[in-house]
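> Structure below; questions to follow.
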Amino acid sequence: MEMSRINWDGLYCSGEAMYRSPEEPNPGDTVTIRFRTRRADVEAVRIHFHESGKSSYMKRSMQTEYFDYYSCAVVVGKTPISYSFFIEKGEEQLHYNRLGVSEDMNPQFAFRIIPGFHIPDW
């Protein structure tokens, strides 16, 4: 594999509040999903929804000294949502899931939203 032109160290997403808000949505809630890249490093970020097989481009919503943050809003229903990302720069396209940059498109490694699931306050 040739050297990546995309800076892998800048790519990040998680299920935490900065990257998914609210973290534990209820059915009907609008969830903001974010993805981080190095500043001015990529041309586009697409979110891919595994259940429908559809992808949509995310909008760059925030920029800091070192990073760009891409976001999109999703209204959740009653069924779980699995998603991963495609990061694009020129002809290069990387896939990103809970494993990080990965060629494995298996939905078991995708990020998941389970509407109505809440971690108990012990």
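The values are calculated or read from the model by the stated rules, or taken from the named source; none is laboratory data. Given the structure is predicted, the values throughout are model-derived calculations rather than measurements. When we count neighbours, we look across all protein chains shown, and the Cβ atoms used for this are built from the backbone with ideal geometry, even at glycine. Only protein heavy atoms, including side chains, enter the accessible area calculation; ligands, DNA and RNA are left aside. Shrake-Rupley method; radii C 1.70, N 1.55, O 1.52, S 1.80 Å.
> May I ask you to compute the full-extension gain from PHE86 to ILE119, defined as 0.36 nm times their residue separation minus their alpha-carbon distance, rounded to one decimal in nm?
The span from PHE86 to ILE119 would gain 9.0 nm if fully extended.
> Enumerate the aspartates and glutamates that LYS59 could reach by cross-link, defined here as Cα to Cα under 16 Å, with residues fewer than 8 away along the same chain left out.
Qualifying aspartates and glutamates at Cα under 16 Å: ASP41, GLU43, ASP68, GLU88.
> Choose one answer from ILE33, ILE81, ILE47: the residue with the largest mean-square fluctuation in a GNM of the chain with alpha-carbon springs under 10 Å.
ILE81
> For ASP41 and ASP9 in one chain, what is 0.36 nm times their gap in residues minus the Cα-Cα distance, to one decimal in nm?
Length difference between fully extended and current span is 10.4 nm.
> Calculate, for the chain, the solvent-accessible area per residue in square angstrom, rolling a 1.4 angstrom probe over the heavy atoms of the protein chains.
In whole numbers, the chain has 60 Å² accessible per residue.
> A further question follows. Where the accessible area of the chain is counted over protein heavy atoms with a 1.4 Å probe, how much of it, in %, is carbon and sulfur?
Working: 3670 of 7320 Å².
Carbon plus sulfur share of accessible area: 50 percent.
> Counting only the backbone N, which residues of the range 94-120 are under 15 Å from the spot 7 Å out from the Cα of GLU24 toward its beta-carbon?
Only 113-120 pass the distance filter.
> Would you look at the GNM of the chain, springs on alpha carbons closer than 10 Å, and say which of TYR66, TYR96, TYR83 moves the most?
TYR66
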